[in-house]
Ligand SMILES: [Fe+2]
């Protein structure tokens, strides 16, 4: 079967995709809220001010959320999915909860999708929590490449910069059933 | 700035050079030059949340959001159209109750967006964004206006063929797709580096809707049909909740 090709999200996606509270998986005042944030940078290290980041994650217990309500958040239900656009400095941020391991003993991660003007197709990656659990993906990468997938812990958050190209280029992922 | 003739030569030189998906490294689309990853994608077996997609439901969306012609007090200008089709996964199964989002220019080729500097008129009665959930057969339907072609600054005299931006989710995370739907027979197809970033002509065909008179609404709107096949899901049917 032939899969529909992707096309760039273009410069005008703000018209259709971002929505109020998209980046607030939990209200920023939630007692367990952490800020997952970072900058999206191009091959010269310049900010990408027209990127869109989506995250999809387990809840703190490691359960995969099955609740609806991401677009109209009620402030109580954790849906595990969020969407944030970058600002003029290439910066994006989410208020969320720290994901748990979906399989005990594995390293938890946020599944991340990156869209931008200039990207002909979306990119997938993972933002892992810092830690020392074994992981099939991380363990197969060189130290330098592995580091691009691991968030840096901050006092109230996790930092995850995304380098689209060049030095420190983030490891982007494909999955077996996708067309190449 | 390069002319369209220069650009068309660049496009010509890359024809057929990629697979069924767009080339990430596609220099004719100038904005891609510093933004595409230079390393190969790293293939990984999906696990945990990647085997699932986020859920959307009636709480997220009003039915009226699928009609882009009724969002303001008056009737928008332009040719009213119906765009309908099915979202199916790579195994032919319908993608049910899943979110479809669209955005587009108005009939004059102008976006309701602060960064759109094209001096074509805005239409106070047309914003150009809509959403719906697919039905049990994977079906979606939008009422809208046929968007106009519009110029952009990729090269001298660059024009985008008329298109509607689509955002789609599947039943697992890996099927996420953002793409553009085009209209049949557009004379700008061969000239457009974004459409041509998909260098396989058969794959490009999958982005073009078909005129369908059975969708056309008498006295009201012309009908277009566009089915969207996402990639295959990695979850086995036994894992379905
Ligand atoms: Fe567009």
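Please give the length that would be gained between residue B:70 and residue B:216 if that part of the chain were fully extended, namely 0.36 nm times their separation in residues minus their C-alpha to C-alpha distance (nm, one decimal). Could the numbers behind the result be given before it?
Details: separation 146, 0.36 × 146 = 52.56 nm, distance 1.83 nm.
My answer for the length gained is 50.7 nm.
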If one builds a Gaussian network model of chain B from Cα atoms under 10 Å apart, the most fluctuating residue listed among B:80, B:153, B:131 is B:153
The alpha-carbon center of the stretch B:133-194 and that of the stretch B:67-101 are separated, in whole Å, by 12
Across A:148, A:125, A:102, the residue with the highest GNM fluctuation in chain A (Cα network, 10 Å cutoff) is A:102
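Hey, what number do you get for chain B at 222 nm if only DSSP H runs of n ≥ 4 count, each worth -39500 (n - 2.57), divided across all residues, to the nearest 500? Mind showing how you got there, number by number?
Working: 2 runs with 16 residues, N = 241.
Taking each H run of at least 4 residues, the total per residue is -2000 deg cm²/dmol.
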Exposure-ranked with fewest Cβ neighbours within 10 Å first, A:173, B:222 stand as B:222, A:173
Checking B:41, B:14, B:68 against a Gaussian network model of chain B (alpha-carbon springs below 10 Å), the top fluctuating residue turns out to be B:41
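A short reminder: the numbers here are calculations on the coordinates, not readings from a lab. These figures come from a predicted structure and were not determined experimentally. FYI the Cβ positions are ideal-geometry reconstructions off the backbone, even for glycines, and counts take in every protein chain you see.
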